[in-house]
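First comes the structure, then the notes that go with it.
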Amino acid sequence: MDDDPVLLEVKEGVAVLSLNLPDKHNVAGEAVDALFFRYLDLLRTDRDVRVVVWRGSGPSFSAGRDLGDLGTHRNDNGHLPTSDFEMLERTAWSTRLLAEFPVPIVCALKGWTLGTMLERALLCDIRVAGEGAKLALPGLDHGVIPDAAGVAKLVEIGGAALALDLALTGRRIDAAEALRLGLVSQVVPDEEVDEVVLDLARGLAARPPLAVRLVRESVQALVAAGVRGTLGRELVGQTMVLASHDYREHRLARAEDREPHYERR
């Protein structure tokens, strides 16, 4: 259905996954995540799919995770509340699915690409940005930490200094800086980003699939340990953050429009 929060189209070996909440800049709540990763899990075993394109409908790729979901999770029957730890475990499983996906994933980044969704895009094989793209990891602005292995990927791409810069400051970087830092492979006009990515995906789909798989496995073997190790630490760390006095104080201060009083606990 065209009004579903995630759309899937498969044609000639290329699967296109589109986040489909354009009026909300494709913010990713639990319903979006559930459908997106259900599709991705199905595609994982489809031998006719050789490349996945990941894009967003409307002006942005994604404004990030819907932080309003934190503390309000429900289990599979839709009634009993689940813990933030269980939600974060699902996030870790989703991250591993992206990091270990059996065929290339190419991302079309435009507009806002923020937080968890930027982290997930960094796990994909190739990223193309529109000229107006803005990228950031603003987790600390909301009292939380990155938890989808984005920091590990930033260290891999540009070293510890880059990871600390983006994760600690939350500053927005434009497409030109993202290209200079190696976060994206090319920058194109915003109106061309989807077609450029589709052309790139079609070219990859036409290449020998065994050779493509072996190249990717060679690269993944070099970096997998960093992603897996980071996920475990982030799962524990984010759970501690969400249960902390300082996180509660951060949210209360925002609601009351005052400066927070942190106590390091």
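Rounded to two decimals, what ratio of Rg to Rh does the range 23-64 give with C-alpha atoms and a Kirkwood Rh?
Checking Rg against Rh, the ratio lands at 1.04.
Could you tally the net charge around R171, taking each other residue with its Cβ under 11 Å from the Cβ of R171, Lys/Arg +1 and Asp/Glu -1?
Surrounding charge for R171 is -2.
In Å, what Rg and Dmax follow from the Cα atoms of the chain?
Looking at the chain, its Cα Rg and Dmax stand at 18.2, 59 Å.
Angle between the Cα long axis of helix 30-44 and the longest principal axis of the chain, 0 to 90 degrees, nearest 10?
The answer is roughly 30 degrees.
To the nearest 20 debye, what is the magnitude of the charge dipole of the range 120-247 about its Cα centre, counting +1 on the Cβ of each Lys and Arg and -1 on the Cβ of each Asp and Glu?
Roughly 540 debye, rounded to the nearest 20.
From the P(r) of the range 59-202, can you give the percent of Cα pairs sitting at distances over 19 Å?
53
Report the FRET efficiency, 1/(1 + (r/R0)^6), for E100 and R254, where r is their Cβ-Cβ distance and R0 is 45 Å, rounded to 0.05.
0.75
In the neighborhood of H261, defined by Cβ-to-Cβ distances under 10 Å, what is the net charge if each Lys or Arg adds +1 and each Asp or Glu adds -1?
Numbers: positive: R258; negative: D246, E249, E259, E263.
Surrounding charge for H261 is -3.
Values in this text are rule-based calculations from the coordinates and carry no lab data. Model, not experiment: these values are computed from the prediction. Quick reminder, even Gly has a Cβ in these numbers, built from the backbone with ideal geometry, and neighbours come from all protein chains shown.
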